[in-house]
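Below: one structure, written as structure tokens.
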Amino acid sequence: MRYFASACSSLGLRSSNTRFYARFLPSEEKAEAVVRRVREILPPEGQVRILEITGKQFEKMHVFYGTRQRPPENPPQQLELF
């Protein structure tokens, strides 16, 4: 595992965090509500990054399970990652 982390680092990739949360939301309005709520509960020194992607962008995701690549599951209407 340490080799993998080192190899990713040499590619210019960095680990943003060990915790990752994802939520599918049906509309931009719902996403905005979640963003507001996260902002309200964020601790003073907290750091959160929220990425909203389209269904087309979701379809282009590369998914690996070990050494095998698999297609991503069916894209949701909207995906929010945080």
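Every number here is computed from the coordinates shown, using simple stated rules; none is lab data. As the structure is a prediction and not an experimental result, all values here were calculated from the model.
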What list of ³J(HN,Hα) values in whole Hz, one per residue of the range 5-14 in order, does the Karplus curve 6.51 cos²θ - 1.76 cosθ + 1.60 (θ = phi - 60°) give from phi, with Gly and Pro shown as x? 4, 5, 5, 5, 4, 5, 8, x, 8, 9
Cα-based equivalent ellipsoid of the range 1-51: semi-axis lengths in Å, sorted from largest, via gyration tensor: 30, 15, 8
